[in-house]
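Participant: So that we are looking at the same thing, I have put the structure below in structure tokens.
Just so you know, all these numbers are worked out from the coordinates, no wet-lab data involved. Just so it is clear, the model here is predicted, and its values are computed rather than measured.
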Amino acid sequence: MLYTIEGLDASGKSTLVENLEKWAEEHNYAPRKIQAEPISKNTDIILTQEPTQKETGIKVREALGAKENEFHPMSVLFRFLSDHAFHVNTQIPREFLQNRLVVSDRYTGSRAAYQSQSVSEYFTTDPLPLIQQLHHNSLSVKPNSEYIDLGKTALSYTTQRKYHPLTYYFFGLSMKPTQDIEYPINDFTELPDLIVEEDEYPPNWSHIPTKQFYLDTSLDVIESRLSKNTETEIFEKREFLENVRESYDSLIEQHNSTYIRINPTNYQNSYEIVEEVIVPELFEN
């Protein structure tokens, strides 16, 4: 079973995961942070994150931390997508997705909300549902061979075999996948090299979240927290954050939505949110 923690940057997601880990340890569960610790027989809960801390996630952070206009926004989206494919196919054991617990700090909801705003000017329609669909397809795509060789330059020979094919397609291409495309476009089918063949998913296996917890933290609080973060450059402007929040609202209001909206001001602290909202969903339902 897969649960995710979503929300704007500095909304309190990582703190919530830390408190969930604390609660689990206090109640004799065995949580493991998949990015840092090996999975053992005693592991009850996998705590993970996107972007990952592996090569694909490093490439994502490289693009996010680059100078303005160094990476085309569409290329950044595809780097996120390849890291997601690697994460689900390689890092999360399938038995955990089937009948045990996985909790991810950020997942496809964050991607759809943020990246739909980052690439919005390149589409004639709202890219949010297109990005959602592309995420679902990304786990089984076979990329156009013309760009596979270009992508391999970013990987060593020893790592090529364990990465999802989509990783090779977008891994180190920077502007290459999109520089000859005439924008705006209608959808991803207009990208001539994004030609995919879909494989069937294994039976009884799903990468789609059971529930998604959305931390609906106020923008004033988020801006205050971001302004105190001296380790990273603040690139989120108020208007951009407002737009991303609207994208989250669209996700939450979709038909058959699995989101649970959490207003942190209704609770004394993050640990109380874990006890009163997260734990009942994960362990009592």
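Participant: Tell me, what ³J(HN,Hα) does each residue in the range 115-128 have, in order and in whole Hz, if you take phi through Karplus 6.51 cos²θ - 1.76 cosθ + 1.60 with θ = phi - 60° and put x for Gly and Pro?
Facilitator: 6, 5, 7, 5, 10, 4, 6, 9, 10, 7, 10, 5, x, 4
Participant: Under the 0.36 nm per residue contour assumption, what length would be gained going from the current alpha-carbon distance of Lys22 and Thr189 to full extension? It would help to have the intermediate numbers written out before the result.
Facilitator: On the way: separation 167, 0.36 × 167 = 60.12 nm, distance 4.51 nm.
So the extension gain works out to 55.6 nm.
Participant: Here's another thing I want to ask about it. Working out 0.36 nm times the residue gap between Tyr267 and Phe240, then minus their Cα-Cα distance, what length gain in nm do you get to one decimal?
Facilitator: Numbers: separation 27, 0.36 × 27 = 9.72 nm, distance 2.71 nm.
The Tyr267-Phe240 span can extend by a further 7.0 nm.
Participant: Would you mind checking which residues have amide H under 5 Å from Ile260's amide H? H placed 1.01 Å from N; only 5 or more apart, or other chain.
Facilitator: Those qualifying (amide H under 5 Å, at least 5 residues apart or on another chain) are Gln212, Phe213, Tyr214.
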